[in-house]
Amino acid sequence: MRAETTSGIAVEYETFGHPPDPAVLLVMGFGTQLLGWDAEFCRQLAARGRYVIRYDNRDCGLSTRIDDHPLDLGDFLVAVTSGDVERASAMAAYSLLDMARDGVGLLDALGIDRAHVVGSSMGGMIAQTMATDVPGRVLSLTSMMSSTGEQEYGQSTPEARQVLLAGRPADREGHIAAAERELVWASRRYGDAAQLRALAAASYDRAYYPAGVPRQLAAMILDGSRAESLRLLDVPTLVVHGLDDTLIDPSGGRRTAELVPGSRLLLLEDMGHDRPPALWPALLDAIADHTDRG
(Lines give C-alpha, C1' and ligand atoms only; values in the text may rest on other atoms or scores of the structure.)
Protein backbone atom coordinates (compact mmCIF):
# COMPACT_ATOMS: atom_id res chain seq x y z
CA MET A 1 0.00 0.00 0.00
CA ARG A 2 1.12 3.53 -0.68
CA ALA A 3 0.32 6.77 1.13
CA GLU A 4 0.93 10.28 -0.18
CA THR A 5 2.14 12.71 2.47
CA THR A 6 1.70 16.48 2.44
CA SER A 7 5.46 16.88 1.93
CA GLY A 8 5.21 15.12 -1.42
CA ILE A 9 6.87 11.92 -0.24
CA ALA A 10 4.99 8.73 -1.07
CA VAL A 11 5.43 6.13 1.65
CA GLU A 12 5.02 2.41 0.99
CA TYR A 13 3.61 0.59 4.01
CA GLU A 14 1.95 -2.60 5.24
CA THR A 15 -0.32 -3.16 8.21
CA PHE A 16 -1.08 -6.05 10.54
CA GLY A 17 -3.99 -6.34 12.94
CA HIS A 18 -7.07 -4.21 13.41
CA PRO A 19 -7.20 -0.40 13.06
CA PRO A 20 -9.18 0.14 16.29
CA ASP A 21 -6.27 -1.30 18.29
CA PRO A 22 -3.46 0.97 19.52
CA ALA A 23 -1.17 1.80 16.59
CA VAL A 24 2.48 0.77 16.65
CA LEU A 25 4.63 2.39 13.96
CA LEU A 26 7.77 0.37 13.18
CA VAL A 27 10.64 2.46 11.81
CA MET A 28 13.41 0.58 10.02
CA GLY A 29 17.10 1.39 9.91
CA PHE A 30 19.76 2.41 7.45
CA GLY A 31 19.35 1.10 3.91
CA THR A 32 16.87 -1.56 4.97
CA GLN A 33 13.38 -2.03 3.58
CA LEU A 34 10.28 -2.68 5.65
CA LEU A 35 11.10 -6.38 5.21
CA GLY A 36 13.65 -5.88 7.99
CA TRP A 37 10.68 -6.03 10.35
CA ASP A 38 9.92 -9.71 9.85
CA ALA A 39 6.27 -10.27 8.87
CA GLU A 40 5.86 -13.00 11.48
CA PHE A 41 7.24 -10.68 14.17
CA CYS A 42 4.65 -8.11 13.08
CA ARG A 43 1.86 -10.69 13.14
CA GLN A 44 2.79 -11.79 16.64
CA LEU A 45 2.83 -8.20 17.87
CA ALA A 46 -0.56 -7.60 16.24
CA ALA A 47 -1.89 -10.72 17.99
CA ARG A 48 -1.18 -8.93 21.25
CA GLY A 49 -3.78 -6.32 20.40
CA ARG A 50 -1.75 -3.83 18.40
CA TYR A 51 -2.32 -2.30 14.97
CA VAL A 52 1.16 -2.69 13.51
CA ILE A 53 2.46 -0.54 10.66
CA ARG A 54 5.79 -1.15 8.92
CA TYR A 55 7.00 1.11 6.13
CA ASP A 56 9.85 1.94 3.78
CA ASN A 57 11.80 5.07 4.62
CA ARG A 58 12.30 7.52 1.76
CA ASP A 59 15.05 6.49 -0.65
CA CYS A 60 14.53 2.83 0.19
CA GLY A 61 12.23 0.07 -0.99
CA LEU A 62 9.12 1.32 -2.75
CA SER A 63 8.86 4.75 -1.13
CA THR A 64 9.86 7.94 -2.97
CA ARG A 65 13.39 7.95 -4.35
CA ILE A 66 15.34 11.21 -4.43
CA ASP A 67 16.84 10.53 -7.85
CA ASP A 68 17.54 14.17 -8.63
CA HIS A 69 20.15 14.47 -5.88
CA PRO A 70 23.02 12.01 -6.49
CA LEU A 71 25.60 11.75 -3.74
CA ASP A 72 29.09 10.30 -3.99
CA LEU A 73 29.72 8.56 -0.67
CA GLY A 74 33.50 8.82 -0.95
CA ASP A 75 33.38 12.59 -1.52
CA PHE A 76 30.92 13.02 1.33
CA LEU A 77 33.05 11.05 3.79
CA VAL A 78 36.15 13.05 2.80
CA ALA A 79 34.25 16.27 3.54
CA VAL A 80 33.05 14.95 6.89
CA THR A 81 36.42 13.60 8.04
CA SER A 82 38.18 16.83 7.00
CA GLY A 83 35.73 18.85 9.07
CA ASP A 84 34.19 20.63 6.08
CA VAL A 85 30.66 20.54 7.46
CA GLU A 86 29.41 23.20 5.06
CA ARG A 87 30.47 21.16 2.03
CA ALA A 88 29.11 17.93 3.51
CA SER A 89 25.78 19.60 4.31
CA ALA A 90 25.50 20.90 0.77
CA MET A 91 25.75 17.33 -0.51
CA ALA A 92 22.91 16.05 1.67
CA ALA A 93 19.48 15.74 0.06
CA TYR A 94 17.49 15.74 3.29
CA SER A 95 17.80 15.46 7.05
CA LEU A 96 16.86 12.92 9.69
CA LEU A 97 14.11 15.36 10.69
CA ASP A 98 12.69 15.11 7.17
CA MET A 99 12.67 11.33 7.52
CA ALA A 100 10.94 11.60 10.89
CA ARG A 101 8.28 13.81 9.37
CA ASP A 102 7.68 11.17 6.68
CA GLY A 103 6.60 8.81 9.45
CA VAL A 104 4.31 11.44 10.92
CA GLY A 105 2.96 12.10 7.42
CA LEU A 106 2.12 8.41 7.12
CA LEU A 107 0.17 8.59 10.38
CA ASP A 108 -1.68 11.61 8.98
CA ALA A 109 -2.54 9.73 5.79
CA LEU A 110 -3.86 6.80 7.84
CA GLY A 111 -5.93 9.05 10.07
CA ILE A 112 -3.96 8.10 13.19
CA ASP A 113 -3.61 10.91 15.71
CA ARG A 114 -1.11 9.22 18.03
CA ALA A 115 0.97 6.06 17.83
CA HIS A 116 3.51 4.06 19.75
CA VAL A 117 6.74 4.45 17.78
CA VAL A 118 9.36 1.69 17.69
CA GLY A 119 12.59 2.42 15.84
CA SER A 120 15.56 0.17 15.13
CA SER A 121 19.13 1.42 14.56
CA MET A 122 18.85 4.52 12.32
CA GLY A 123 15.12 3.97 12.75
CA GLY A 124 15.66 4.50 16.47
CA MET A 125 17.26 7.84 15.69
CA ILE A 126 14.30 8.72 13.47
CA ALA A 127 11.88 7.61 16.20
CA GLN A 128 13.73 9.72 18.78
CA THR A 129 13.41 12.69 16.44
CA MET A 130 9.68 12.08 15.99
CA ALA A 131 9.27 12.05 19.76
CA THR A 132 11.25 15.26 20.28
CA ASP A 133 9.82 17.10 17.25
CA VAL A 134 6.14 16.21 17.71
CA PRO A 135 5.77 14.60 21.14
CA GLY A 136 2.01 15.04 21.00
CA ARG A 137 1.85 12.45 18.22
CA VAL A 138 3.92 9.81 20.06
CA LEU A 139 2.21 7.73 22.72
CA SER A 140 5.45 5.98 23.60
CA LEU A 141 8.95 5.59 22.20
CA THR A 142 10.94 2.38 21.91
CA SER A 143 14.52 3.03 20.80
CA MET A 144 16.14 -0.24 19.78
CA MET A 145 19.86 -0.83 19.05
CA SER A 146 20.34 2.90 18.53
CA SER A 147 22.22 5.87 19.99
CA THR A 148 22.12 9.60 20.70
CA GLY A 149 24.31 11.01 17.95
CA GLU A 150 27.08 11.84 20.43
CA GLN A 151 30.47 10.73 19.18
CA GLU A 152 31.48 9.29 22.54
CA TYR A 153 28.78 6.63 22.51
CA GLY A 154 27.55 3.80 20.30
CA GLN A 155 30.53 3.63 17.98
CA SER A 156 31.06 0.69 15.61
CA THR A 157 34.01 -1.63 15.79
CA PRO A 158 36.42 -1.18 12.87
CA GLU A 159 35.30 -4.53 11.44
CA ALA A 160 31.62 -3.62 11.57
CA ARG A 161 32.26 -0.16 10.10
CA GLN A 162 34.18 -1.68 7.22
CA VAL A 163 31.26 -3.97 6.34
CA LEU A 164 28.75 -1.13 6.67
CA LEU A 165 30.63 1.14 4.26
CA ALA A 166 31.76 -1.52 1.81
CA GLY A 167 28.39 -2.01 0.16
CA ARG A 168 27.45 -5.10 -1.80
CA PRO A 169 27.97 -6.21 -5.41
CA ALA A 170 25.32 -5.09 -7.90
CA ASP A 171 24.63 -8.53 -9.33
CA ARG A 172 21.96 -10.56 -7.54
CA GLU A 173 24.14 -13.56 -6.69
CA GLY A 174 26.99 -11.44 -5.37
CA HIS A 175 24.62 -9.18 -3.46
CA ILE A 176 23.02 -12.11 -1.67
CA ALA A 177 26.33 -13.80 -0.87
CA ALA A 178 27.75 -10.56 0.57
CA ALA A 179 24.94 -10.42 3.13
CA GLU A 180 26.85 -13.00 5.15
CA ARG A 181 29.38 -10.31 6.03
CA GLU A 182 26.75 -8.89 8.40
CA LEU A 183 27.39 -11.78 10.76
CA VAL A 184 30.08 -9.44 12.11
CA TRP A 185 27.39 -7.56 14.04
CA ALA A 186 24.83 -10.34 14.52
CA SER A 187 24.17 -12.30 17.68
CA ARG A 188 27.14 -14.55 18.37
CA ARG A 189 24.78 -17.31 19.48
CA TYR A 190 21.91 -16.93 17.03
CA GLY A 191 23.47 -15.26 13.99
CA ASP A 192 22.17 -17.05 10.90
CA ALA A 193 23.80 -16.65 7.50
CA ALA A 194 20.85 -18.31 5.77
CA GLN A 195 18.45 -15.74 7.21
CA LEU A 196 20.71 -12.90 6.12
CA ARG A 197 20.85 -14.29 2.59
CA ALA A 198 17.08 -14.79 2.50
CA LEU A 199 16.42 -11.18 3.52
CA ALA A 200 18.95 -9.93 0.97
CA ALA A 201 17.31 -11.96 -1.79
CA ALA A 202 13.80 -10.77 -0.91
CA SER A 203 14.96 -7.15 -0.69
CA TYR A 204 16.87 -7.34 -3.98
CA ASP A 205 13.87 -8.80 -5.81
CA ARG A 206 11.41 -6.35 -4.26
CA ALA A 207 13.26 -3.07 -4.79
CA TYR A 208 17.02 -3.02 -5.33
CA TYR A 209 18.07 0.62 -5.04
CA PRO A 210 21.63 1.28 -3.80
CA ALA A 211 21.58 4.97 -4.80
CA GLY A 212 19.54 5.87 -1.72
CA VAL A 213 22.05 4.40 0.73
CA PRO A 214 24.60 7.27 0.75
CA ARG A 215 21.83 9.86 1.08
CA GLN A 216 20.41 8.11 4.13
CA LEU A 217 23.89 7.82 5.61
CA ALA A 218 24.46 11.53 5.07
CA ALA A 219 21.24 12.36 6.89
CA MET A 220 22.28 10.17 9.81
CA ILE A 221 25.83 11.50 10.08
CA LEU A 222 24.88 15.16 9.79
CA ASP A 223 22.13 14.93 12.40
CA GLY A 224 24.66 15.32 15.18
CA SER A 225 23.91 15.03 18.87
CA ARG A 226 20.33 14.69 20.09
CA ALA A 227 21.42 14.82 23.73
CA GLU A 228 19.84 18.14 24.66
CA SER A 229 16.46 17.34 23.11
CA LEU A 230 16.47 13.85 24.67
CA ARG A 231 17.08 15.37 28.11
CA LEU A 232 13.83 17.32 27.68
CA LEU A 233 11.79 14.43 26.29
CA ASP A 234 8.53 13.78 28.12
CA VAL A 235 7.37 10.62 26.36
CA PRO A 236 7.35 7.13 27.97
CA THR A 237 10.54 5.56 26.64
CA LEU A 238 11.92 2.04 26.47
CA VAL A 239 15.50 1.53 25.32
CA VAL A 240 16.48 -1.92 24.03
CA HIS A 241 20.01 -2.96 23.13
CA GLY A 242 21.81 -6.21 22.50
CA LEU A 243 25.03 -6.85 24.35
CA ASP A 244 26.53 -8.51 21.25
CA ASP A 245 26.02 -5.40 19.10
CA THR A 246 29.22 -4.33 17.34
CA LEU A 247 27.60 -1.96 14.82
CA ILE A 248 26.17 0.35 17.49
CA ASP A 249 27.93 -0.36 20.76
CA PRO A 250 25.63 -0.93 23.77
CA SER A 251 26.95 2.33 25.23
CA GLY A 252 24.59 3.99 22.73
CA GLY A 253 21.59 2.39 24.38
CA ARG A 254 22.86 3.03 27.89
CA ARG A 255 23.44 6.69 27.07
CA THR A 256 19.97 7.06 25.55
CA ALA A 257 18.38 5.67 28.70
CA GLU A 258 20.58 7.89 30.85
CA LEU A 259 19.42 11.01 29.03
CA VAL A 260 15.66 10.41 28.70
CA PRO A 261 13.90 11.12 32.00
CA GLY A 262 12.10 8.11 33.43
CA SER A 263 13.13 5.76 30.64
CA ARG A 264 13.60 2.01 31.05
CA LEU A 265 16.63 0.12 29.75
CA LEU A 266 16.52 -3.48 28.55
CA LEU A 267 19.90 -5.02 27.73
CA LEU A 268 19.63 -8.44 26.11
CA GLU A 269 22.28 -11.12 26.12
CA ASP A 270 22.73 -13.04 22.87
CA MET A 271 21.35 -10.15 20.81
CA GLY A 272 23.53 -8.30 18.35
CA HIS A 273 22.48 -5.75 15.76
CA ASP A 274 19.65 -8.08 14.81
CA ARG A 275 16.42 -9.56 16.12
CA PRO A 276 16.93 -13.35 16.14
CA PRO A 277 13.65 -15.30 16.39
CA ALA A 278 14.83 -16.94 19.61
CA LEU A 279 14.62 -13.50 21.27
CA TRP A 280 11.26 -12.49 19.81
CA PRO A 281 9.34 -13.52 22.96
CA ALA A 282 11.48 -11.19 25.08
CA LEU A 283 11.20 -8.35 22.58
CA LEU A 284 7.46 -8.78 22.04
CA ASP A 285 6.82 -8.96 25.78
CA ALA A 286 8.83 -5.78 26.33
CA ILE A 287 7.09 -3.85 23.53
CA ALA A 288 3.63 -5.08 24.52
CA ASP A 289 4.21 -4.16 28.17
CA HIS A 290 5.64 -0.75 27.28
CA THR A 291 2.82 0.10 24.88
CA ASP A 292 0.31 -0.89 27.57
CA ARG A 293 1.87 1.66 29.87
CA GLY A 294 2.40 4.40 27.28
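The values are calculated or read from the model by the stated rules, or taken from the named source; none is laboratory data. The model shown is predicted, which means the values in this text are computed figures rather than measured ones. Note: ideal-geometry Cβ built from the backbone for every residue, glycine included; neighbour counts use all protein chains shown. Areas reflect the complete protein model, heavy atoms only, side chains present, ligands, DNA and RNA absent. Shrake-Rupley method; radii C 1.70, N 1.55, O 1.52, S 1.80 Å.
For this structure, a couple of remarks:
- Expected 222 nm ellipticity per residue - DSSP helices of 4 or more, -39500 (n - 2.57), all of the chain, to 500: -12000 deg cm²/dmol
- Average accessible area per residue (Å²) across segment 176-221 - probe 1.4 Å, nucleic acids and ligands excluded: 46 Å²
- The apolar share of the surface of segment 56-123, taken as the fraction of accessible area on carbon and sulfur atoms (1.4 Å probe, ligands and nucleic acids excluded), comes to 49 percent.
- Accessible surface for segment 8-162, divided over its residues, is 38 Å² per residue with a 1.4 Å probe.
- DSSP bridge pairs, the chain: antiparallel proportion in percent, nearest 5: 25 percent
- A run of the chain free of exposed loop cleavage sites, with GluC sites (Glu not before Pro) counted only in DSSP states other than H, G, I, E and B and at most 16 other beta carbons within 10 Å, reaches its longest extent at 1-151.
- Contact order, relative form, for the chain: 20 percent (alpha carbon pairs under 8 Å, 6 or more residues apart, mean separation divided by residue count).
- Among GLY61, LEU73, GLY49 - extreme Cα towards positive end, dipole of segment 46-111, charges at beta-carbon: GLY49
- Taking every protein chain into account, the 1.4 Å probe leaves HIS18 with about 120 Å² of accessible area, to the nearest ten.
- About the Cα centre, charge dipole magnitude for the chain (Lys/Arg +1, Asp/Glu -1 at Cβ), debye: 420 debye
- ALA186 long-range amide H proximity, modeled H, under 5 Å: HIS273
- For segment 64-135 versus segment 1-37, the inter-centroid distance based on Cα atoms is 15 Å.
- Around the Cα centre of segment 171-294, unit charges on the Cβ atoms of Lys, Arg, Asp and Glu (plus for the first two, minus for the last two) sum to a dipole of about 220 debye.
- Net charge dipole size for segment 88-148 [Lys, Arg +1 and Asp, Glu -1 on Cβ; Debye, nearest 20]: 100 debye
- Positive-end residue, the chain charge dipole about Cα centroid, Cβ charges, pick of TYR208, ILE248, LEU35: LEU35
- Calculated FRET efficiency, SER7 to ILE221, Cβ-Cβ distance, R0 = 30 Å: about 0.85 to the nearest 0.05.
- With every protein chain in place, segment 168-284: carbon and sulfur % of accessible area (1.4 Å): 53 percent
- Once C-alpha pairs closer than 8 Å and six or more residues apart are averaged by separation and normalised to the residue number of segment 58-155, the relative contact order reads 20 percent.
- Amide H contacts under 5 Å for LEU139, placed H, 5+ residues apart: ALA115, HIS116, VAL117
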